[in-house]
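Written below as structure tokens is the structure these notes are about.
The values are calculated or read from the model by the stated rules, or taken from the named source; none is laboratory data. These figures come from a predicted structure and were not determined experimentally. Every residue, glycine among them, receives a Cβ derived from its backbone with ideal geometry; neighbour counts consider all protein chains shown.
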Amino acid sequence: MTDAAQINDLSDIIHRCDEVLAHAWMVRTFIKHGEEIDDYPELMGIVRSVFDISRALETRLGDPVGYVRMLNKKVGKLRKAAELFAVDALKASTHTNFQQAVKSMNVCVRELLALSARGQELLAVLPPTALASSDVEDGDE
């Protein structure tokens, strides 16, 4: 895990988020293709949430300011979905795979929250002209 406070550039935040989301995507894939999904459709919440944040951030790859703003906007929804997933997954199965999936999502959320906070700190010190270029696109999602 990277210490988000050591990140000093928005492009580093994008790179680290991409790495973290790769882990979240693997949890999404595990749940989406598991046979338990038939009996526990509430597990689809985490599947949808990981897809949502991944796709939303993907649209901002060329705009670091917009990316950080979108991360800040979407990470709370992922956190809520992960909290529900922690309860629902263990109802579906107490197998180690589900326990580890819950732990993995919790780590992903914790890391993304830290990256979002660091991104907000970095945005706060940018000149207003750097922020203005992303204002128009911010309302898209």
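Worth pointing out:
- Residue list for region 91-106, filter: closer than 17 Å to residue 29 by Cα and part of a helix (DSSP H, G or I): 92, 96, 97, 98, 99, 100, 101, 102, 103, 104, 105, 106
- Screening region 117-141 for residues that are closer than 15 Å to residue 9 by Cβ, in a helix (DSSP H, G or I) and not acidic (Asp, Glu) and picking the one that is modelled with the lowest pLDDT gives 130.
- Answer residue from region 84-107, given it is charged (D, E, K, R) and surrounded by fewer than 14 Cβ atoms within 10 Å (Cβ to Cβ) and is modelled with the lowest pLDDT among those: 91
- Candidates 60, 110, 69, 79: the one that is modelled with pLDDT of 95 or more, surrounded by 13 or more Cβ atoms within 10 Å (Cβ to Cβ) and outside any helix (DSSP H, G or I) is 60.
- Looking only at region 26-35, residues that are surrounded by 15 or more Cβ atoms within 10 Å (Cβ to Cβ) and assigned to a helix (DSSP H, G or I) come to 5 in all.
- Test: residue in region 83-100 that is touching a residue at least 24 places away in the same chain (Cβ under 8 Å), of a type outside the set (Lys, Arg) and under 24 Å from residue 6 (Cβ atoms): no
- Filtering region 1-28 to residues that are more than 21 Å from residue 80 (Cβ to Cβ) and either of a type in the set (Lys, Arg) or modelled with pLDDT of 90 or more (or both) leaves 9, 10, 11, 12, 13, 14, 15, 16, 18, 19, 22.
- Of the set (1) at pLDDT 95 or above; (2) surrounded by 15 or more Cβ atoms within 10 Å (Cβ to Cβ); (3) more than 12 Å from the chain's Cα centre (by Cα), all apply to residue 40 but (1).
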